[in-house]
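Trainee: The structure is given below, and queries will be raised subsequently.
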């Protein structure tokens with residue numbers, strides 16, 4: 001799963017249309033071992049960043065994925081289509097807010113005043129749109145795929161898996 005998700009970041013795709021946030025949310029919900037839930041998205045990012053290139057925003061980007069795992073852990077007790085969909089959209093907004101704040105703080109692209117911060121967020125709106133669609137698509141694959149598998153294979157149902 002880690003290698004497939006890392007490879008997906010290397011394949012041509014629209015910016016921010018990536019499975020990593022969905023994987024972080026899914027891992028927070030599904031992995032019994034919370035350390036694994038936090039480690040998987042970081043491993044995906046690190047492996048692919050070794051090829052794509054390391055950058056100054058890594059702590060902010062990786063931190064946003066850790067927050068998304070935390071959202072997934074909260075979602076464990078609210079696991080239904082409505083809550084999963086809401087958390088999926090929230091995870092895209094969380095990534096957008098944190099990473100663009102990081103861009104504004106760490107880069108010299110925008111003036112360090114409120115107007116510069118607003119410019120940064122407005123310029124990143126197309127990335128937010130892609131992230132929302134990507135998160136919805138990949139979350140549907142992960143959560144929907146598991147739900148489908150659980151209907152066919154009783155041993156996969158909640159309470160029977162010890163990941």
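The values are calculated or read from the model by the stated rules, or taken from the named source; none is laboratory data. Just so you know, these numbers come straight off a predicted model, no measurement behind them. Note that each Cβ is placed from the backbone with ideal geometry, even for glycine, and that neighbours are counted across all protein chains shown.
Trainee: Looking only at region 24-45, which residues are more than 19 Å from residue 144 (Cα to Cα) and in a helix (DSSP H, G or I)?
Mentor: 34, 35, 36, 38, 39, 40, 41, 42, 43, 44, 45
Trainee: Being more than 11 Å from the chain's Cα centre (by Cα) and within 22 Å of residue 142 (Cβ to Cβ): is that true of residue 104 here?
Mentor: Values: more than 11 Å from the chain's Cα centre (by Cα): yes; within 22 Å of residue 142 (Cβ to Cβ): no.
So residue 104 fails the test.
Trainee: Tell me which of these residue 45 doesn't satisfy, since it passes every other one: (1) over 20 Å from residue 5 (Cα atoms); (2) surrounded by 14 or more Cβ atoms within 10 Å (Cβ to Cβ); (3) at pLDDT below 95.
Mentor: It fails just one condition, (1).
Trainee: Residue 70 - would you say it is at positive phi and surrounded by fewer than 18 Cβ atoms within 10 Å (Cβ to Cβ)? Give the derivation first.
Mentor: Working: at positive phi: no; surrounded by fewer than 18 Cβ atoms within 10 Å (Cβ to Cβ): yes.
For residue 70, the condition - at positive phi and surrounded by fewer than 18 Cβ atoms within 10 Å (Cβ to Cβ) - is not met.
Trainee: Checking residue 29 against (1) over 13 Å from the mean Cα position of the chain (by Cα); (2) at pLDDT 95 or above; (3) crowded, with 16+ Cβ neighbours inside 10 Å, only one condition comes out false. Which one?
Mentor: Checking residue 29 against (1) over 13 Å from the mean Cα position of the chain (by Cα); (2) at pLDDT 95 or above; (3) crowded, with 16+ Cβ neighbours inside 10 Å, the one that fails is (1).
Trainee: Quick one: count up the residues across region 14-44 that are touching a residue at least 60 places away in the same chain (Cβ under 8 Å) and out of contact with any helix residue (DSSP H, G or I) (no Cβ under 6 Å at 6 or more places or on another chain).
Mentor: The total comes to 4.
Trainee: Please enumerate the residues belonging to region 99-113 that are surrounded by 13 or more Cβ atoms within 10 Å (Cβ to Cβ) and touching a helix residue (DSSP H, G or I) at 6+ places or on another chain (Cβ under 8 Å).
Mentor: Filtering region 99-113 down to residues surrounded by 13 or more Cβ atoms within 10 Å (Cβ to Cβ) leaves 99-106, 110.
Once the filter is applied, which keeps residues that are surrounded by 13 or more Cβ atoms within 10 Å (Cβ to Cβ) and touching a helix residue (DSSP H, G or I) at 6+ places or on another chain (Cβ under 8 Å), region 99-113 yields 99, 100, 101, 102, 103, 104, 106, 110.
Trainee: Any chance region 5-15 includes a residue that's within 20 Å of residue 79 (Cα to Cα), out of contact with any strand residue (DSSP E or B) (no Cβ under 9 Å at 6 or more places or on another chain) and either part of a helix (DSSP H, G or I) or modelled with pLDDT of 95 or more (or both)? Before the answer, list the steps.
Mentor: In the first step, residues of region 5-15 are kept if they are within 20 Å of residue 79 (Cα to Cα); the result is none.
Checked against the condition, which is being within 20 Å of residue 79 (Cα to Cα), out of contact with any strand residue (DSSP E or B) (no Cβ under 9 Å at 6 or more places or on another chain) and either part of a helix (DSSP H, G or I) or modelled with pLDDT of 95 or more (or both), region 5-15 yields no hits at all.
Trainee: In the list 63, 86, 134, 70, which residue meets the criterion of being part of a helix (DSSP H, G or I), within 14 Å of the chain's Cα centre (by Cα) and free of Cβ contacts under 8 Å to residues at least 12 places away in the same chain?
Mentor: Details: 63 fails: free of Cβ contacts under 8 Å to residues at least 12 places away in the same chain; 134 fails: free of Cβ contacts under 8 Å to residues at least 12 places away in the same chain; 70 fails: free of Cβ contacts under 8 Å to residues at least 12 places away in the same chain.
Of the residues listed, the single one that is part of a helix (DSSP H, G or I), within 14 Å of the chain's Cα centre (by Cα) and free of Cβ contacts under 8 Å to residues at least 12 places away in the same chain is 86.
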